[in-house]
C-alpha cells in the first residue's frame with residue numbers, strides 16, 4: 001500500500017549529542033571475543049583521558065571475561081576508530097584522540113584468542 005506524505009516529515013534525532021548533558025556516546029567493542037557479542041555504548045565526557053576509558057570504564061563490562069585481566073595495554077593491542085586503525089594516546093582526552101559522538105572504538109588482542117583459543 002502506497003503512502004502519500006502531506007508535507008515534510010520532521011526528523012527528530014533522539015540521540016543527538018545535545019541530549020547527553022555534556023557527554024557523548026562512545027561505542028567500544030572487543031574483536032574476536034564472541035562471549036561479548038557486540039560493542040557497548042557509554043555516555044562519556046569528551047575530556048575524559050583515554051586511559052580512564054581503558055582502566056575505569058571498560059573493566060565494568062569486560063572484567064568477567066577471563067582474558068580481560070591478561071590484556072597488556074601496550075603495542076600488542078590493535079585499536080580501530082570508526083573502522084580505521086589508530087594508535088591512541090592514553091594521556092590525551094577522548095576528543096584529542098579523535099573520538100567524538102557515536103564513535104566506534106574497537107580493540108583486538110592478538111595474543112589472547114578467547115576462552116581456550118576459540119574466540120569466545
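Which of the following residues is over 29 Å from residue 19 (Cα atoms) and in a loop (DSSP other than H, G, I, E, B): 100, 89, 64?
Numbers: 100 fails: over 29 Å from residue 19 (Cα atoms); 89 fails: over 29 Å from residue 19 (Cα atoms).
Being over 29 Å from residue 19 (Cα atoms) and in a loop (DSSP other than H, G, I, E, B) holds for just one of 100, 89, 64, which is 64.
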| task | Read through the list (1) surrounded by fewer than 12 Cβ atoms within 10 Å (Cβ to Cβ); (2) in contact with a strand residue (DSSP E or B) (Cβ under 6 Å, 6 or more places away or on another chain), then give the number of the only condition that residue 84 fails. | result | (2)
| Within region 64-89, which residues are in contact with a helix residue (DSSP H, G or I) (Cβ under 7 Å, 6 or more places away or on another chain) and under 19 Å from residue 34 (Cβ atoms)? | 66, 68
| task | Kindly list, by first and then second residue, each pair from a residue in region 103-120 that is under 23 Å from residue 82 (Cα atoms) to a residue that is modelled with pLDDT of 95 or more and surrounded by fewer than 10 Cβ atoms within 10 Å (Cβ to Cβ), limited to pairs with Cβ atoms under 9 Å and residues at least 6 apart or on different chains. | result | 104/83; 106/83
| request: Pairs only if they're at least six apart or on different chains, beta carbon under 9 angstrom, first in region 69-80 and part of a strand (DSSP E or B), second exposed (fewer than 12 other Cβ atoms within 10 Å of the Cβ); list them, first residue then second. | output: 78/85; 78/110; 79/85; 79/87
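Counting just the residues of region 1-32 that are assigned to a loop (DSSP other than H, G, I, E, B) and closer than 26 Å to residue 72 by Cβ, which one comes out modelled with the highest pLDDT? Before the answer, list the steps.
Pass one, region 1-32, residues assigned to a loop (DSSP other than H, G, I, E, B): 1-16, 21-23, 31-32.
Subsequent filtering for residues that are closer than 26 Å to residue 72 by Cβ retains 31-32.
Numbers: 31: 91, 32: 85.
Result: 31.
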| query | What are the residues in region 44-66 that are at pLDDT below 95 and crowded, with 18+ Cβ neighbours inside 10 Å, if any? | reply | 62, 65
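Specify the residue that is farthest from residue 68 (Cα to Cα); the eligible residues are those in region 33-43 that are modelled with pLDDT of 85 or more and either more than 11 Å from the chain's Cα centre (by Cα) or not in a loop (DSSP other than H, G, I, E, B) (or both).
Keep residues of region 33-43 that are modelled with pLDDT of 85 or more, which gives 38-43.
Cutting the leftovers down to either more than 11 Å from the chain's Cα centre (by Cα) or not in a loop (DSSP other than H, G, I, E, B) (or both) gives us 40-43.
Values: 40: 15, 41: 18, 42: 18, 43: 22 Å.
Selected residue: 43.
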| task | Output the residue which, of all residues in region 21-39 that are over 18 Å from residue 112 (Cβ atoms) and without any contact (Cβ under 8 Å) to a residue 60 or more places away in the chain, is surrounded by the most Cβ atoms within 10 Å (Cβ to Cβ). | result | 23
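The values are calculated or read from the model by the stated rules, or taken from the named source; none is laboratory data. These figures come from a predicted structure and were not determined experimentally. Glycine gets a Cβ as well: all are built from the backbone with ideal geometry, and neighbour counts include every protein chain shown.
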